[in-house]
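Here's the structure we're looking at; comments come further down.
The values are calculated or read from the model by the stated rules, or taken from the named source; none is laboratory data. Model, not experiment: these values are computed from the prediction. When we count neighbours, we look across all protein chains shown, and the Cβ atoms used for this are built from the backbone with ideal geometry, even at glycine. In case anyone asks, the SASA skips ligands and DNA or RNA and just uses the protein heavy atoms, side chains included. Shrake-Rupley method; radii C 1.70, N 1.55, O 1.52, S 1.80 Å.
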Amino acid sequence: MLFFHWLDVTWELPFGLRARLASHSEWVVYDEIFVHGEYDRALGLALDVAAGHDLPIHIVDIGSHVGLFTLRATQQVLERGMGNRQFKITAVEGNAVLVKEFQARIFGDNGLSRNVALTHGLVGRRTGQAYLNGDSLFRREEPAVMVPFVDLSALLAGAPQIDLLKCDIEGAELLLLENYPDLLRKVNVAVFELHANLCDTRRCRELLREYGFAHGETLRRGDPYSLYCAWR
């Protein structure tokens with residue numbers, strides 16, 4: 001961690017965007033998103049659909065971490081020449097430390113406050129609160145912090161449709177799918193990091209089909225973590 005802070009590792013991206021990395025774990029996430037392009041298939045599908053409508057482009061980044069997926073999504077919108085359209089990214093993160101880092105890097109380093117909105121809170125249940133252990137509701141690796149849940153339906157009530165929902169919430173993905181059928185039904189493309197050691201991933205895929213996602217593709221195979229994309 002100190003090694004990365006000392007180096008102040010920053011990647012200059014197209015369109016004046018900057019990705020700053022401060023730990024080995026962030027380097028791993030950067031490699032997944034920018035080098036291997038693991039989310040590019042889902043982003044491509046969503047932006048293909050967005051090209052056919054006149055509504056604002058809307059991407060939801062649940063489990064936004066320090067904002068690397070948000071940066072990639074912004075880059076992809078700009079690369080497609082869609083930057084002149086109104087586009088919005090709604091980000092949600094439960095870890096207060098990561099919220100501060102997201103604010104510093106997305107708003108401070110990149111000046112994206114006009115297009116990106118960040119909410120601090122847990123995702124899964126509609127109400128209440130729970131202990132967050134690091135980045136998961138289910139692990140017991142670090143001291144736990146009580147964090148309230150965000151009601152996603154209320155947060156996104158003003159969105160007539162969502163082009164892409166990205167979800168990486170460390171095992172709470174099944175809770176989200178069980179509790180938000182209304183929200184999922186207005187999503188065009190969804191991409192989930194599924195945690196087979198923390199939830200029933202088969203049930204996750206079943207629910208996506210029940211909500212009208214006729215197509216599905218595993219973008220990254222792994223045990224226990226995989227990346228799954230579903231679209232209509």
Packing-ranked peptide list from 202-215, 49-62, highest mean Cβ count within 10 angstrom first, is 49-62, 202-215
If every Lys and Arg gets +1 and every Asp and Glu gets -1 at its Cβ, then about the Cα centre the chain yields a dipole, in debye to the nearest 20, of 500
In segment 1-117 the accessible area split gives carbon plus sulfur, as whole percent at 1.4 Å, a share of 55
Projected area averaged over all directions for the convex hull of the alpha carbon atoms of segment 142-229, nm², comes out at 6.3
Taking r as the C-beta separation of Arg220 and Trp11 and R0 as 30 Å, the FRET efficiency to the nearest 0.05 is 0.90
Reported to the nearest 10 Å², Lys88 has, with a 1.4 Å probe, an accessible area equal to 100
Rounded to whole Å², per residue accessible area for segment 168-219 with a 1.4 Å probe reads 38
With Rh as the Kirkwood radius over Cα pairs, segment 74-159 has Rg/Rh of 1.04
antiparallel share of DSSP beta bridges within segment 1-120, to nearest 5, in %, is 25
Cα-only Rg/Rh for the chain with Kirkwood Rh rounds to 0.93
Here the Kirkwood hydrodynamic radius of segment 1-112, Cα-based and in Å, equals 14.6
Counting only DSSP beta bridges fully inside the chain, the antiparallel percentage to nearest 5 is 50
